[in-house]
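Encoded as structure tokens, the structure appears first; notes follow it.
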Amino acid sequence: MEIKTIGVVGAGTMGRGIAYAALFAGYRTVLEDVSPEMLEQGTAYIKQALDDGVGRGKLTAEQRDKAVANLSTARSVEAVCREADLLIEAVPEEMELKLEIFTIFDKFAKPNAILASNTSSLSITEMAAITFRAENCIGMHFFNPVPKMKLLEIVRALETSEAIVDACVQVGRRMGKEVVVVCESPGFVTSRINAMIGNEAFYMLQEGIASAEDIDKALKLGLNHPMGPFELADLVGLDVRLSILEYLHKTLGEKYRPCPLLVQYVKAGRLGRKSGRGVYEYDSASDKKASANG
């Protein structure tokens with residue numbers, strides 16, 4: 001199966017990162033978002049990331065110029081569907097929204113197009129069930145920040161064909177990713193384990209066992225994690241983390257019940273870097289200021 005054009009629906013943090021990875025791999029890429037401002041920000045991010053890649057020696061100026069020429073934008077999902085051989089939705093982690101996107105994919109996509117979701121925990125089989133091409137539906141779980149994170153988790157739904165799995169593995173490798181293939185299960189591999197670590201860290205913080213800084217330091221230096229659980233939660237978004245935990249609690253049982261402190265933070269609007277305050281406070285998108293839990 002030959003893939004020439006990749007369509008990415010959603011120009012937020014994950015969507016723009018996936019589009020960058022597709023361009024870096026040499027694919028013609030169409031980026032879509034319902035918000036003109038988000039689309040503009042997404043394309044600006046991609047162009048800056050390509051410029052930075054030249055500065056770091058990851059690609060040549062000629063490769064950057066070719067990648068920029070391969071990037072186009074669209075203002076509707078239908079328009080992306082008409083062009084793309086592989087469609088990847090990167091919209092918020094809400095099943096109703098993803099089902100709506102997959103319905104549009106099924107109606108307007110090319111007959112042999114691959115329909116992929118970047119979900120970190122939700123059921124690909126449920127998304128596939130509303131289409132007439134369940135064998136072409138798959139999960140492609142990228143990690144934030146996409147340009148730097150090496151892993152791509154390919155999620156095989158109940159009826160996903162082997163040819164579709166193989167095609168997506170090849171796309172991931174061409175993007176420079178290390179690929180793992182998993183059979184669908186709530187939270188897959190990474191989200192299922194990471195949600196439990198992060199939730200337990202919140203219980204420890206709630207119980208006063210240690211400060212957020214010391215819990216993060218302990219996991220980084222003692223367990224060799226590149227980021228502490230609170231640093232990572234603030235990066236991903238506490239609302240996203242809570243949504244994943246709620247889904248895992250519903251599907252896998254009591255051991256995933258969200259910590260009340262996490263719920264309280266989200267209700268207070270402390271969502272992490274994107275809101276300027278989560279477990280920590282931030283002067284900007286990249287500078288940790290101080291612990292937000294006093």
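Considering only the stretch 66-73, I want to know if a residue exists there that is surrounded by 16 or more Cβ atoms within 10 Å (Cβ to Cβ) and part of a helix (DSSP H, G or I).
yes
Looking only at the stretch 194-202, decide whether some residue is in contact with a strand residue (DSSP E or B) (Cβ under 6 Å, 6 or more places away or on another chain), at negative phi, assigned by TED's automatic domain parsing to the domain that holds K255 and in contact (Cβ under 8 Å) with a residue 40 or more places away in the chain.
No, because not a single residue in the stretch 194-202 is in contact with a strand residue (DSSP E or B) (Cβ under 6 Å, 6 or more places away or on another chain), at negative phi, assigned by TED's automatic domain parsing to the domain that holds K255 and in contact (Cβ under 8 Å) with a residue 40 or more places away in the chain.
Considering only the stretch 172-206, how many residues are within 16 Å of the chain's Cα centre (by Cα), among the hydrophobic types (A, V, I, L, M, F, W, C) and buried (at least 19 other Cβ atoms within 10 Å of the Cβ)?
Counting residues in the stretch 172-206 that are within 16 Å of the chain's Cα centre (by Cα), among the hydrophobic types (A, V, I, L, M, F, W, C) and buried (at least 19 other Cβ atoms within 10 Å of the Cβ) gives 3.
Quick one: in the stretch 232-249, of everything that is surrounded by fewer than 22 Cβ atoms within 10 Å (Cβ to Cβ) and acidic (D, E), which residue is nearest to N144 (Cα to Cα)?
That would be D239.
Please indicate, with yes or no, whether at least one residue in the stretch 34-46 is touching a residue at least 40 places away in the same chain (Cβ under 8 Å) and either among the aromatic types (F, W, Y) or closer than 29 Å to V165 by Cβ (or both).
The answer is no, given that none of the residues of the stretch 34-46 is touching a residue at least 40 places away in the same chain (Cβ under 8 Å) and either among the aromatic types (F, W, Y) or closer than 29 Å to V165 by Cβ (or both).
Would you mind stating whether V155 is assigned to a loop (DSSP other than H, G, I, E, B), β-branched (V, I, T) and crowded, with 21+ Cβ neighbours inside 10 Å?
No: the conditions fail for V155.
Given (1) touching a helix residue (DSSP H, G or I) at 6+ places or on another chain (Cβ under 9 Å); (2) closer than 25 Å to A11 by Cα; (3) part of a loop (DSSP other than H, G, I, E, B), identify the lone condition not met by F188.
In the conditions (1) touching a helix residue (DSSP H, G or I) at 6+ places or on another chain (Cβ under 9 Å); (2) closer than 25 Å to A11 by Cα; (3) part of a loop (DSSP other than H, G, I, E, B), F188 misses (1) alone.
Might you let me know whether the stretch 227-236 holds any residue that is within 29 Å of I114 (Cα to Cα) and at pLDDT below 95?
Yes, the conditions are met somewhere in the stretch 227-236.
When you go through A167, A218, A195, A201 one by one, which is the residue that is assigned to a helix (DSSP H, G or I) and over 28 Å from P258 (Cα atoms)?
A167
For the stretch 124-139, give me each residue that is without any contact (Cβ under 8 Å) to a residue 60 or more places away in the chain, within 27 Å of V236 (Cβ to Cβ) and buried (at least 21 other Cβ atoms within 10 Å of the Cβ).
M127, A128, C137, I138, G139
Please work out if T43 is touching a strand residue (DSSP E or B) at 6+ places or on another chain (Cβ under 7 Å), surrounded by fewer than 24 Cβ atoms within 10 Å (Cβ to Cβ) and farther than 23 Å from M127 by Cα.
For T43, the condition - touching a strand residue (DSSP E or B) at 6+ places or on another chain (Cβ under 7 Å), surrounded by fewer than 24 Cβ atoms within 10 Å (Cβ to Cβ) and farther than 23 Å from M127 by Cα - is met.
I'm told K148 meets every condition in (1) at pLDDT below 95; (2) buried (at least 16 other Cβ atoms within 10 Å of the Cβ); (3) under 22 Å from F24 (Cα atoms); (4) of a type outside the set (V, I, T) except one. Can you identify the failing condition by its number?
(2)
Considering only the stretch 82-109, how many residues are assigned to a helix (DSSP H, G or I) and touching a Gly at 6+ places or on another chain (Cβ under 7 Å)?
Residues flagged as assigned to a helix (DSSP H, G or I) and touching a Gly at 6+ places or on another chain (Cβ under 7 Å) within the stretch 82-109 amount to 1.
Against the conditions (1) surrounded by 15 or more Cβ atoms within 10 Å (Cβ to Cβ); (2) over 18 Å from the mean Cα position of the chain (by Cα); (3) of a type outside the set (S, T, Y), where does P229 fall short? Just the number, please.
(2)
Among G278, G208, which is at pLDDT 95 or above and touching a helix residue (DSSP H, G or I) at 6+ places or on another chain (Cβ under 9 Å)?
From the options G278, G208, the qualifying one is G278.
The values are calculated or read from the model by the stated rules, or taken from the named source; none is laboratory data. Computed from a predicted model, the values in this text were never measured in an experiment. Glycine gets a Cβ as well: all are built from the backbone with ideal geometry, and neighbour counts include every protein chain shown.
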